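K.L.:
Here it is, the structure, as structure tokens.
The values are calculated or read from the model by the stated rules, or taken from the named source; none is laboratory data. Remember, predicted model here, so these are calculated numbers, not experimental data. Reconstructed Cβ throughout: ideal geometry from the backbone, glycine too, with neighbour counts over all protein chains shown.
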Amino acid sequence: MLAGVLLLIFLPPLVAKDLCKDSQDGFKVRLSIKTALGDDAYEWNESEMFLFRSTLAYAMRKQTKQDTYNITNILVCNDTQRVSFVFVVTSPDDPDQLIPKEQIEEAVRQNKHRINNAFLLSDMTLEFVGIPPTLAAPIIYDTEPWLIVFGVVIGAVAVGIVALLMSTVSKKRRAKEKAAGLSEEDEGTVKENGTALSGLGGKEGVYNQTFSNDNRFTEL
Amino acid sequence: MKLKLKLPNPGLDERIPSHAELEKLELEEAGERPQWDNKAQYMLTCVGFCVGLGNVWRFPYLCQSHGGGAFMIPFLILLVLEGVPLLHLEFAIGQRLRKGSVGVWRSINPYLVGVGIASMLVSFMVGMYYNTIIAWVMWYFFNSFQDPLPWSQCPVNENRTGFVSECERSSPVDYFWYRKTLNTTPVIEDSGGLQWWIVLCLFCAWTLLWVCCLRGIETTGKAVYVTSTLPYLVLTIFLIRGLTLKGSVSGIKFLFTPDLDELLNPSTWLDAGAQVFYSFSLAFGGLISFSSYNSVHNNCEQDAVIISIINGLTSIYAAIVIYSIIGFRATERFDDCLDGNILTLMNAFDLPEGNITESNYDSFLQHLNSTAPAIFQELQLKTCDMQTFLSQGVEGTGLAFIVFTEAITKMPFSPLWSVLFFIMLFCLGLSTMFGSVEGVVAPLQDLNILPKRWPKEVYTGLVCFVSFGLAIIFAQGSGEYWLALFDSFAGSIPLLIIAFCEMMAVAYIYGIDSNHVLLSHDIHDNCLQENFPVLETKSYPDWIYAIIFILSGVPALVIPAVALFRLIRKRCCATEEKHMAAEPLYSISDKLQIPDADRSTNTRVPV
């Protein structure tokens with residue numbers, strides 16, 4: 001009787017361990033806490049394990065939309081110093097039946113970022129062996145940024161070309177006008193007066209000796 | 001030592017203006033012939049022409065591979081013995097004879113016009129492929145305005161399960177360079193079609209060049225204030241940034257560790273000579289042209305020495321900066337490699353974190369190897385060797401577009417460093433292109449092939465347009481192979497031949513008293529491509545040899561061909577007067593003298 005009672009008491013954990021160790025539906029988990037957090041790294045202990053089991057139960061609940069999943073459904077074994085272990089998920093209805101691998105994988109995939117955040121880790125440092133992380137969606141731009149920069153540069157170059165060519169044209173035009181203007185000026189002065197004065201190039205005039213002081217001629 | 005040998009050169013004194021004539025010419029030409037606004041513009045243009053991409057991505061590699069600090073000895077010796085004299089020669093003939101490269105050789109001896117034409121052809125061909133590299137630089141520059149940089153991570157494949165396989169097998173930077181930029185085909189025969197983004201970048205590069213060269217030195221003289229000075233600023237910024245990064249000092253140590261045994265290796269001296277020669281952009285005709293716009297009284301010997309010193313110092317400075325960044329990248333790679341191995345070991349043996357560190361890694365490795373060799377073999381740990389990382393892909397386009405871009409992705413604020421780096425490369429390349437365009441436009445004007453009344457803008461525009469049209473071949477999938485071909489054959493052999501002819505012409509036909517130049521006869525394969533990652537060697541198809549002949553042979557053969565042509569024409573043609581009337585005289589002095597009755601002293605007698 002006593003043996004039977006003892007067996008009953010110790011059987012579930014033994015069975016549980018067997019379920020976990022020998023199962024094909026288990027996943028190995030690796031945590032690299034020191035790599036991720038450095039000096040702020042927390043120690044891995046029973047409470048952390050408790051948290052892990054509860055997040056997994058949460059993930060299963062969310063994925064199957066069944067509120068029956070409990071922490072007791074998550075069985076853990078092969079704990080190592082690395083901080084790696086194997087876990088399996090038992091069905092809430094039947095403790096001896098394991099949830100298939102695919103379902104667990106789906107649950108983990110959907111909620112990976114929640115699980116990561118609970119432990120302050122990332123996809124690299126919280127590894128589920130066999131479940132590759134889903135990669136971030138590629139950023140899709142409406143217009144590629146390089147086209148925008150290209151447009152700006154080409155626009156500046158076009159403005160530069162137009163400005164320089166215009167300045168050349170206007171310089172040539174001004175030079176032509178100046179040449180035409182000078183010749184016009186010359187003709188004007190000749191036409192204006194028509195006298196010998198114009199030939200002096202616009203100076204004040206000729207020294208008219210009639211009104212000068214001609215002492216030099218009469219002095220004795 | 002006076003060289004007694006001087007080949008007969010009839011009519012030389014009539015063709016070379018005397019100093020008195022030059023003074024007069026300078027005053028008369030003040031309006032017509034372009035002139036430098038000030039000495040600074042001239043110096044900056046020449047420095048910009050000489051200091052180019054080679055200083056940044058060829059010299060550091062040569063320095064490191066030929067015994068580090070010891071390489072300075074042949075480099076500096078040959079700088080003085082080879083660089084300064086050749087530079088002085090080109091400056092002197094340009095300044096004295098006041099013409100572009102064709103005009104200068106016509107003045108020395110009309111049979112030598114072929115040398116000028118060869119210079120023009122080489123400038124044209126080198127300019128074509130050099131601007132393509134600038135187009136690639138611009139592509140990277142355009143793509144630097146985003147975070148994260150497109151070459152920092154592999155793109156995700158269609159169903160988002162992993163990265164694109166081609167990228168995973170190599171690396172994100174390699175993928176971006178070979179696939180996203182070049183889209184290379186496996187062989188040169190496979191054209192791969194035009195890559196429209198490269199065509200756009202080429203268009204941008206050529207129009208930008210045209211804007212800067214629009215009115216010849218009038219516009220380039222302003223542009224060089226930026227393009228020649230900005231690289232030094234950026235190099236300094238990178239130096240400061242580099243020295244604050246981890247592992248940079250190991251890079252500099254790797255660069256300068258002297259190995260004096262390398263000095264006994266003849267290839268060290270040949271490489272140093274070739275580097276000095278190509279770095280000075282000699283035999284392109286551009287330097288002759290630039291110095292012809294100087295005042296007659298300019299001290300060109302001093303200029304030659306100053307520019308040589310600046311060029312040499314820039315090479316060394318750039319090498320320090322480059323290798324500090326390479327040291328940083330190599331250290332990062334080494335650390336990543338080691339961390340990867342440590343993780344593998346910890347996972348395999350379920351050891352707690354922190355048990356294996358960099359310091360006890362080696363001892364741990366040995367311990368594990370002895371205790372559990374089977375598992376150890378299975379692990380396939382990567383070999384992490386610092387020396388390998390330091391010597392990876394450190395010259396040519398491999399340095400700029402693969403190694404350096406990878407280093408930049410590991411720095412904080414990567415887009416900023418990327419923009420700065422590619423602006424620097426762009427400025428270095430553009431200022432060299434100014435000289436190249438000048439080396440084509442000035443001879444074109446001297447040869448009088450195109451109508452005289454066409455303004456300078458049309459000349460430069462035509463050159464840029466034709467070059468752009470032909471450079472489209474580099475925008476194909478196989479463009480990289482074509483570029484390597486051009487680089488190896490269009491730029492190397494013809495330049496050596498032209499420089500040799502220049503030296504011989506000035507020494508023996510013009511008659512200079514002494515000539516101390518050491519010329520390297522090495523046919524140097526100035527290949528820009530580096531085997532990184534390791535590429536397959538494929539043999540060229542047969543028709544490539546025809547292309548090679550065109551690239552190397554035509555400029556070289558032009559020299560004797562033109563001499564022969566003139567000889568035949570002289571012998572066969574009827575009257576000398578018909579010749580003289582046909583020869584267009586566009587220098588003012590000629591115009592003044594032609595109608596005069598007495599043409600005894602100052603006639604220009606074309607032979």
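K.L.:
Restricting attention to region A:25-51, which residues are under 32 Å from the mean Cα position of the chain (by Cα) and either at pLDDT below 80 or assigned to a helix (DSSP H, G or I) (or both)? Lay out the reasoning, then the answer.
P.N.:
The first filter runs over region A:25-51 and keeps only residues under 32 Å from the mean Cα position of the chain (by Cα), leaving A:29-42.
Within region A:25-51, A:33, A:34, A:35, A:36, A:37, A:38, A:39, A:40 meet the criteria.
K.L.:
Among the candidates B:392, B:387, single out the residue that is at pLDDT below 80 and either assigned to a helix (DSSP H, G or I) or in contact with a helix residue (DSSP H, G or I) (Cβ under 9 Å, 6 or more places away or on another chain) (or both). Write out each step before concluding.
P.N.:
Numbers: B:387 fails: at pLDDT below 80.
Just a single option satisfies the conditions, and that option is B:392.
K.L.:
Here are the criteria: (1) under 30 Å from residue A:19 (Cβ atoms); (2) surrounded by fewer than 16 Cβ atoms within 10 Å (Cβ to Cβ). Tell me which single one residue A:127 does not satisfy.
P.N.:
(2)
K.L.:
Give the residue that is nearest to the chain's Cα centre (by Cα), with candidates limited to residues of region B:348-361 that are within 13 Å of another protein chain (Cβ to nearest Cβ) and part of a helix (DSSP H, G or I).
P.N.:
By that ranking, first place goes to B:348.
K.L.:
Can you tell me which of B:495, B:518 is modelled with pLDDT of 85 or more and in contact with a helix residue (DSSP H, G or I) (Cβ under 8 Å, 6 or more places away or on another chain)? Spell out how you get there, then give the answer.
P.N.:
Working: B:518 fails: modelled with pLDDT of 85 or more.
Of the residues listed, the single one that is modelled with pLDDT of 85 or more and in contact with a helix residue (DSSP H, G or I) (Cβ under 8 Å, 6 or more places away or on another chain) is B:495.
K.L.:
Next question, about the same structure. What's the number of the only condition in (1) away from every other protein chain (no Cβ under 14 Å); (2) out of contact with any Leu (no Cβ under 8 Å at 6 or more places or on another chain); (3) surrounded by fewer than 24 Cβ atoms within 10 Å (Cβ to Cβ) that residue B:250 fails to meet?
P.N.:
(2)
K.L.:
Another question, then. What are the residues in region A:63-98 that are assigned to a loop (DSSP other than H, G, I, E, B), away from every other protein chain (no Cβ under 14 Å) and closer than 30 Å to residue B:344 by Cα, if any?
P.N.:
Selection gives nothing.
K.L.:
Looking at (1) in contact (Cβ under 8 Å) with a residue 12 or more places away in the chain; (2) within 14 Å of chain B (Cβ to nearest Cβ), which is the only condition residue A:132 fails?
P.N.:
Answer for residue A:132: the failing condition is (1).
K.L.:
Report, by residue number, each residue of region B:480-500 that is assigned to a helix (DSSP H, G or I) and of a type in the set (Gly, Ala, Ser).
P.N.:
Residues of region B:480-500 assigned to a helix (DSSP H, G or I): B:480-489, B:493-500.
B:484, B:488, B:499, listed by residue number.
K.L.:
Checking the condition in contact with an Asp or Glu (Cβ under 9 Å, 6 or more places away or on another chain) and surrounded by 24 or more Cβ atoms within 10 Å (Cβ to Cβ), which residue from B:101, B:144, B:152 passes?
P.N.:
Working: B:144 fails: in contact with an Asp or Glu (Cβ under 9 Å, 6 or more places away or on another chain); B:152 fails: surrounded by 24 or more Cβ atoms within 10 Å (Cβ to Cβ).
The match here is B:101.
K.L.:
Among the helices (runs of 4 or more DSSP H) contained in region B:236-331, which hold 1 or more residues that are of a type in the set (Lys, Arg) and closer than 22 Å to residue B:400 by Cβ?
P.N.:
Numbers: elements: B:248-256, B:266-279, B:286-292.
The helices (runs of 4 or more DSSP H) meeting that bar number zero.
K.L.:
Any idea which of B:304, B:330 is touching a residue at least 40 places away in the same chain (Cβ under 8 Å) and within 30 Å of residue B:39 (Cβ to Cβ)?
P.N.:
On the way: B:330 fails: within 30 Å of residue B:39 (Cβ to Cβ).
When all the criteria are applied, what remains is B:304.
K.L.:
Could you check how many residues of region A:110-143 are more than 22 Å from residue A:49 (Cβ to Cβ) and of a type in the set (D, E, K, R)?
P.N.:
1
K.L.:
Right, something else. Within region A:130-172, which residues are within 26 Å of residue B:200 (Cβ to Cβ), assigned to a loop (DSSP other than H, G, I, E, B) and out of contact with any strand residue (DSSP E or B) (no Cβ under 9 Å at 6 or more places or on another chain)?
P.N.:
A:139, A:140, A:141, A:142, A:143, A:144
K.L.:
Related question: For region A:119-129, which positions are more than 11 Å from chain B (Cβ to nearest Cβ) and outside any loop (DSSP other than H, G, I, E, B)?
P.N.:
Pass one, region A:119-129, residues more than 11 Å from chain B (Cβ to nearest Cβ): A:119-123, A:126, A:128.
Residues satisfying the conditions are A:126, A:128.
K.L.:
Let me ask another. For region A:157-169, name all the residues that are at the interface with chain B (Cβ under 9 Å from one of its Cβ atoms) and of a type in the set (A, V, I, L, M, F, W, C). Before you say what the answer is, go through the steps one by one.
P.N.:
Just the residues of region A:157-169 that are at the interface with chain B (Cβ under 9 Å from one of its Cβ atoms), to begin with: A:157-158, A:160-161, A:164-165, A:168.
Scanning region A:157-169 gives A:157, A:158, A:161, A:164, A:165.
K.L.:
Does residue B:143 satisfy the condition of being under 30 Å from residue A:164 (Cβ atoms) and free of Cβ contacts under 8 Å to residues at least 24 places away in the same chain?
P.N.:
Details: under 30 Å from residue A:164 (Cβ atoms): yes; free of Cβ contacts under 8 Å to residues at least 24 places away in the same chain: yes.
Yes.
K.L.:
Can you tell me which residue in region B:143-159 is farthest from residue A:149 (Cα to Cα), limited to those that are over 33 Å from the mean Cα position of the chain (by Cα) and more than 8 Å from chain A (Cβ to nearest Cβ)?
P.N.:
Result: B:159.
K.L.:
Now a separate question. Check B:345, B:381, B:390, B:313 and return the single one that is within 14 Å of chain A (Cβ to nearest Cβ) and of a type outside the set (Ser, Thr, Tyr). Spell out the reasoning first.
P.N.:
On the way: B:381 fails: within 14 Å of chain A (Cβ to nearest Cβ); B:390 fails: within 14 Å of chain A (Cβ to nearest Cβ); B:313 fails: within 14 Å of chain A (Cβ to nearest Cβ).
Every option except B:345 fails the conditions.
K.L.:
Which of the residues spanning region A:135-146 are facing chain B (nearest Cβ under 8 Å) and either surrounded by 15 or more Cβ atoms within 10 Å (Cβ to Cβ) or among the aliphatic types (A, V, I, L, M) (or both)?
P.N.:
Scanning region A:135-146 gives A:135, A:136, A:137, A:145, A:146.
K.L.:
Please go through region A:142-190 and pick out each residue that is of a type in the set (Phe, Trp, Tyr) and either at pLDDT below 85 or under 16 Å from residue B:455 (Cα atoms) (or both).
P.N.:
Narrowing region A:142-190 to residues of a type in the set (Phe, Trp, Tyr): A:146, A:150.
Correct list: empty.
K.L.:
Follow-up question, since we're still on this one. Taking the condition of being among the β-branched types (Val, Ile, Thr) and free of Cβ contacts under 8 Å to residues at least 12 places away in the same chain, how many residues in region B:336-382 meet it? Steps first, answer last, please.
P.N.:
Restricting attention to region B:336-382, the residues satisfying the condition of being among the β-branched types (Val, Ile, Thr) are B:342, B:344, B:356-357, B:371, B:375.
Then drop every residue that is not free of Cβ contacts under 8 Å to residues at least 12 places away in the same chain, which leaves B:371.
Counting residues in region B:336-382 that are among the β-branched types (Val, Ile, Thr) and free of Cβ contacts under 8 Å to residues at least 12 places away in the same chain gives 1.
K.L.:
Kindly check whether there is at least one residue in region A:6-24 that is touching a Cys at 6+ places or on another chain (Cβ under 7 Å), more than 14 Å from chain B (Cβ to nearest Cβ), surrounded by 14 or more Cβ atoms within 10 Å (Cβ to Cβ) and outside any strand (DSSP E or B).
P.N.:
From region A:6-24, those touching a Cys at 6+ places or on another chain (Cβ under 7 Å) are A:17, A:20-21; that's our starting set.
From what is left, the residues that are more than 14 Å from chain B (Cβ to nearest Cβ) are A:17, A:20-21.
Restricting the remaining residues to those that are surrounded by 14 or more Cβ atoms within 10 Å (Cβ to Cβ) gives A:17, A:20.
In the following step, the residues that additionally are outside any strand (DSSP E or B) were identified as A:17, A:20.
There is at least one residue in region A:6-24 that is touching a Cys at 6+ places or on another chain (Cβ under 7 Å), more than 14 Å from chain B (Cβ to nearest Cβ), surrounded by 14 or more Cβ atoms within 10 Å (Cβ to Cβ) and outside any strand (DSSP E or B).
K.L.:
Can you name the helices (runs of 4 or more DSSP H) wholly within region B:160-224 that have at least 3 residues being within 14 Å of another protein chain (Cβ to nearest Cβ) and touching a residue at least 60 places away in the same chain (Cβ under 8 Å)? Can you show your working first?
P.N.:
Details: elements: B:165-169, B:172-175, B:196-213.
Fully inside region B:160-224 and qualifying: B:196-213.
K.L.:
Okay, next question. Are any of the residues in region B:32-44 out of contact with any Asp or Glu (no Cβ under 6 Å at 6 or more places or on another chain) and closer than 23 Å to residue B:503 by Cβ? Show your work before the answer.
P.N.:
First pass over region B:32-44, keeping only residues out of contact with any Asp or Glu (no Cβ under 6 Å at 6 or more places or on another chain): B:32-44.
Those still in the list that are closer than 23 Å to residue B:503 by Cβ too: none.
The answer is no, given that none of the residues of region B:32-44 is out of contact with any Asp or Glu (no Cβ under 6 Å at 6 or more places or on another chain) and closer than 23 Å to residue B:503 by Cβ.
K.L.:
A further question follows. Can you tell me which of (1) under 21 Å from the mean Cα position of the chain (by Cα); (2) surrounded by fewer than 22 Cβ atoms within 10 Å (Cβ to Cβ) is the one residue B:96 doesn't meet?
P.N.:
Every condition holds for residue B:96 apart from (1).
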